[in-house]
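Q: The structure's right below; bear with me while I get my questions together.
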Amino acid sequence: MKTKGSVRFMAHAAVIAALYVALTLVANAFGLSSGAVQLRLSEALTILPIFTPAAIPGLFIGCILANILTGSIFIDVIFGSLATLLGAIFTRILCKHKILCLLPPIISNTLIIPYVLAYAYHFEGSVFYFMLTVGLGEIVSCGVLGYLLGAALKKRMKNI
């Protein structure tokens with residue numbers, strides 16, 4: 001019986017990783033997934049740890065793969081993926097709080113990614129400016145889209 005649970009966990013994680021990659025590639029095709037202003041549609045999936053702990057490795061692995069496939073440099077692959085991992089872990093911890101659970105990925109990306117943009121990519125602008133642009137993108141992706149996704153999934157909780 002334990003094998004069935006672990007297979008289901010791995011399947012959920014794999015599907016979430018694949019969705020993260022696919023949504024990032026769609027956003028990348030429109031020039032939205034990287035740069036000083038980012039709107040990753042895949043970040044809406046950061047709400048999923050409230051529904052399943054399998055979302056934590058799924059989001060982490062999906063972010064690693066998405067960053068590699070979109071041509072991110074090594075430091076971005078590492079720190080961008082760690083920001084997503086931290087956000088996912090703390091979303092799971094806060095899963096009982098309807099609004100607070102939306103904040104961890106917004107905060108982790110807003111605090112980590114601007115340093116990657118400034119010091120790894122050497123984008124023109126200040127870290128504070130990048131915190132503003134990344135933070136606004138995360139509010140839209142994680143806060144607004146994530147909330148809508150979570151509300152839609154909550155109605156179908158029996159089927160998940």
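Q: For residues that are in contact (Cβ under 8 Å) with a residue 40 or more places away in the chain, among the aliphatic types (A, V, I, L, M) and not in a helix (DSSP H, G or I), scanning just region 16-41, find the one that is surrounded by the fewest Cβ atoms within 10 Å (Cβ to Cβ).
A: It comes out as V37.
Q: Test each condition in (1) outside any helix (DSSP H, G or I); (2) surrounded by 18 or more Cβ atoms within 10 Å (Cβ to Cβ); (3) under 15 Å from the mean Cα position of the chain (by Cα) for P53 and report the one that comes out false.
A: (2)
Q: Suppose we keep only residues that are among the polar types (S, T, N, Q) and crowded, with 16+ Cβ neighbours inside 10 Å within region 124-141. Which one would you say is farthest from T46 (Cα to Cα)?
A: If we take residues in region 124-141 being among the polar types (S, T, N, Q) and crowded, with 16+ Cβ neighbours inside 10 Å, then T133 is farthest from T46 (Cα to Cα).
Q: Take A83 and tell me if it is closer than 24 Å to F128 by Cα, modelled with pLDDT under 95 and crowded, with 17+ Cβ neighbours inside 10 Å.
A: For A83, the condition - closer than 24 Å to F128 by Cα, modelled with pLDDT under 95 and crowded, with 17+ Cβ neighbours inside 10 Å - is not met.
The values are calculated or read from the model by the stated rules, or taken from the named source; none is laboratory data. All figures in this text were calculated on a predicted structure; none of them were measured in a lab. For neighbour counting, all protein chains shown are included, and Cβ atoms are generated from backbone atoms with ideal geometry for every residue, glycine included.
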